[in-house]
Amino acid sequence: MRYINSAIFIIAILAFSNAALLAQETEAKVVDEVVAQVNESVITLSQIKREMNETIDSLVKEGKKSPEQAKTEVESKQGELIAQIINEELLLQKGKEMGVESDAEAQINGRFLDIMKQQNIKTLDALYKAMGESGVDPQNIREMWRKQIIRDMVLQRDVDAKLYHGFTPKEVKAYYEANKAKFTKPETIGISEIFLSFAGRSEPEVREKAKQLVNQLRGGADFGKLAVENSDRPNVKENNGKAGVLNIKDLDKTFAEPLKNVKVGGISEPIELPEGIEILRVDERSSASSESFFDEKKVRESMTYEKLADERKKYMSTLRGDAYIKISESYRSLVSPVLFADERKAEVKKSDK
């Protein structure tokens, strides 16, 4: 269930954009140079400086550091940042080779459509205009999302999925038998929701509307009908407010506490979030059990999770090994120990045998 409203989405976009604009203004006078070559692509000093300034600005805005502290911390990790950019470039190149760019573009368009629906904006041009008026460059956002999505797709398809499906039935069963305590039935709750957004509205009026809806629902009104008529979730017409079945232990306390004593069929008090108000109905409850049960999907997920970090490291090491990577002499001592750390550990292990 997504408890993230478009208002928060827009705030995140604005934060990114402001950081990027600040970085561009700050680095306008930097004389560019090639820091690294990755196959046919190059990574430039201006790109690195821009990302450093974005990180500094984010740390300051989050209140984690003073400008001076953030600058010192980020500059001390310049080698790690360059190594990260090189790894990212390798994943982007792999994504192009795998042909995932069209799928990534579809996801990006889907994100923009979600914002349009939640903000009641009719056309993409109108959304772009609204973003521009707020100081946000839609193309910058597209590029940020493009990189993020392609990275995730490559790792999910070329590492995660292969690992998940690579375990034999015998291995899966053996893992389950050895780890039965992990596979007991959890306490679950099925819920439906009506979400009222604060975006573009008077907050006191939204709070009053939420109280009225709760009274109507407790008086016997049809939840699905009121959800379709009032909820600001984009897919409410398809699901009538159904939000699915969740593990109680996974619920944030913001929702766990108000739902604690609500019986099946009951309605929660209005739950206020920064972006709006949730009204929840309890559709079902299922008690936890100490008895283990075999669910192949859950077992494979657990096995995958245990090995995923190491497999992703091996994958990145392979990508680096197959690539032409040339780091500028000025930055080699900073970057190489970080970028090739896994390969060096592997060499040490081999020499110890």
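Every read-out reported here was derived from the displayed coordinates using simple, explicitly stated rules and does not represent laboratory data. Just so we're clear, the structure is a prediction, and the values are computed from it rather than from any experiment. As a convention, Cβ positions derive from the backbone with ideal geometry for all residues, glycine included, and neighbour counts pool all protein chains shown.
Assorted remarks:
- The calculated FRET efficiency for D295 paired with M98, based on their beta-carbon distance and R0 = 30 Å, is about 0.45.
- A dipole drawn for the chain from +1 and -1 charges on Cβ atoms has a positive end, and of T188, A161, V35 the residue lying farthest that way is T188.
- In the range 254-348, the GluC sites (Glu not before Pro) that fall in loop regions by DSSP, at most 15 other Cβ within 10 Å: E291
- Average Cα contact separation per residue, the range 23-169, under 8 Å, 6 or more apart, as relative contact order %: 18 percent
- Label-point gap, in nm, between N120 and A181 - each point 7 angstrom along Cα→Cβ: 5.4 nm
- Nonlocal amide H pairs with R285, under 5 Å, H built at 1.01 Å: G190
- Loop-located chymotrypsin sites (Phe, Trp or Tyr not before Pro) in the range 303-348, at most 14 other Cβ atoms within 10 Å (DSSP): Y324
- Long-range amide H partners of F198 with built H, under 5 Å: G276, I277
- Using C-alpha pairs below 8 Å separated by at least 6 residues, the relative contact order for the chain is 23 percent.
- Residue-wise HN-Hα coupling along the range 181-196, computed from phi with Karplus coefficients 6.51, -1.76, 1.60 (Hz; x: Gly, Pro): 4, 6, 10, 7, 6, x, 6, 10, 9, x, 9, 10, 9, 10, 10, 10
- Extension gain, A256 to R111: 0.36 nm times the residue separation minus the Cα-Cα distance gives 49.4 nm.
- Dipole of the chain computed with +1 at Lys/Arg Cβ and -1 at Asp/Glu Cβ about the Cα centre; of G110, G63, N240, farthest Cα towards the positive end is N240.
- Charge dipole (debye, nearest 20) of the range 186-286; +1 at Cβ of Lys and Arg, -1 at Cβ of Asp and Glu: 260 debye
- Rounded to 0.05, the FRET efficiency of the E229 and S328 pair, given R0 = 56 Å and the Cβ-Cβ distance, is 0.35.
- Nearest-ten-degree value, helix 329-339 long axis tilted from longest Cα axis of the chain: 50 degrees
- Check: the chain dipole with +1 on Lys, Arg Cβ and -1 on Asp, Glu Cβ, in debye: 940 debye
- Relative contact order (%) - criterion: Cα under 8 Å, at least six apart; region: the range 186-286: 46 percent
- Checking the cross-link pairs K61/K242; K64/K211; K253/K314; K249/K298 against a 28 Å limit on the alpha carbon distance flags K61/K242; K64/K211; K253/K314 as lying beyond it.
- Applying the Karplus relation 6.51 cos²θ - 1.76 cosθ + 1.60 with θ = phi - 60° to the range 159-168 yields 3J(HN,Hα) values of 10, 4, 5, 5, 5, 4, 8, x, 6, 6 Hz, where x marks Gly and Pro.
- Projected onto their three principal axes, the Cα atoms of the chain cover extents of 74, 59, 39 Å, largest first.
- Dipole magnitude for the range 33-182: about 640 debye, using +1 per Lys or Arg Cβ and -1 per Asp or Glu Cβ, origin at the Cα centre.
- Most positive-pole-ward Cα, A199, N261, L251, against dipole of the range 186-286 from beta carbon charges: N261
- With Cα atoms, 0 to 90° folded angle of helix 67-76 axis to the chain main axis: 50 degrees
- Kirkwood hydrodynamic radius computed over the range 186-286 comes to 13.7 Å, based on all pairs of distinct alpha carbons.
- Among the trypsin sites (Lys or Arg not before Pro) found in the range 85-178, those both in a DSSP coil and sparsely packed, with 16 or fewer other Cβ atoms within 10 Å of their Cβ, are K122.
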